[in-house]
């Protein structure tokens with residue numbers, strides 16, 4: 001009896017240790033993500049919020065050897081950001097950009113997804129790869145390639161149009177925004193198509209068979225069954241596209257070196273970079289970044305609320 005009790009006591013602690021390890025294992029797997037999330041997202045966000053309420057103050061002529069001092073300025077940086085006409089004009093450009101570009105891009109992605117999901121397209125994997133391939137090209141490289149096709153004198157596209165009597169200037173003041181829209185559309189149709197196609201693949205085939213028994217054709221199935229069932233996924237891609245539109249930076253920054261019609265504050269992100277680096281005003285740049293984040297949050301909440309209203313059952 002004594003030997004049995006001692007053996008039981010000896011076996012007890014290792015079991016408790018194993019249970020403790022099993023309970024802590026999920027936290028160990030999540031810890032790297034949490035650490036990176038806090039270090040590269042939460043901490044910079046908090047730093048930007050705090051910095052936006054401070055500013056550099058200069059006293060006198062600076063002849064006494066004292067440099068500018070950091071002082072609390074309240075909402076002065078936000079007033080300056082909202083009073084900057086060029087910064088607000090950048091918002092106007094990206095809003096106009098998004099109103100046109102996002103529906104066109106998602107519409108094309110939806111058409112491609114529906115075609116690949118249908119029986120009309122053969123070699124589906126190859127077609128998916130061809131459409132998705134532009135997304136694998138970095139945005140800067142894509143902008144450089146398209147910039148070559150846009151630039152008069154070296155572009156074969158412009159040369160061909162001029163040979164048939166069409167005068168085209170893709171970098172003119174009235175067309176440069178849509179030239180940028182073409183670059184982003186070409187780059188992001190593929191990834192949105194893949195997301196929508198994955199949602200189509202998740203629809204049970206029984207639904208299609210029942211519709212065909214009722215006499216529904218391919219177009220009616222696509223518009224009456226497939227489209228409503230993947231509407232939440234479509235709204236998700238719309239949300240991601242809206243956020244990406246507000247963060248537009250790479251394409252106009254690259255084309256800026258090719259034309260003077262793209263200014264240094266053409267988009268909100270470019271204006272923030274200009275104020276922070278060339279203007280050497282990190283506090284104002286932080287306030288402008290917070291304004292951009294708030295606008296993105298408001299639009300995201302609006303799309304999410306619309307999504308929930310579509311999913312909620314009608315009474």
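Just so you know, all these numbers are worked out from the coordinates, no wet-lab data involved. Bear in mind that the values here come from a model prediction, so they are computed numbers and not experimental data. Cβ: placed from backbone, ideal geometry, glycine included. Neighbour counts: every protein chain shown.
Approximating the spin labels as points 7 Å out from Cα along Cα→Cβ, the residue 50-to-residue 280 distance works out to 2.4 nm. The candidate values were (1) 71, 39, 35; (2) 96, 81, 47; (3) 70, 45, 37; the one computed from these coordinates for Cα extents along the principal axes in Å carries the label (2). In this rough spin-label picture, where each label sits 7 Å from Cα along the Cβ direction, the residue 71-residue 164 distance is 6.5 nm. Measuring r between the beta carbons of residue 207 and residue 95 and using R0 = 45 Å, the FRET efficiency lands at 0.75. Pick from 173, 152, 68: which residue has the top mean-square fluctuation in a GNM of the chain where Cα pairs under 10 Å get a spring? Per the Cα network of the chain with a 10 Å cutoff, 68 tops the list.
If R0 is 41 Å, the Cβ-Cβ spacing of residue 40 and residue 225 corresponds to a FRET efficiency of close to 0.45. Sorted on the mean count of surrounding Cβ atoms within 10 Å across their residues, most packed first, peptides 75-85, 294-304 read 75-85, 294-304.
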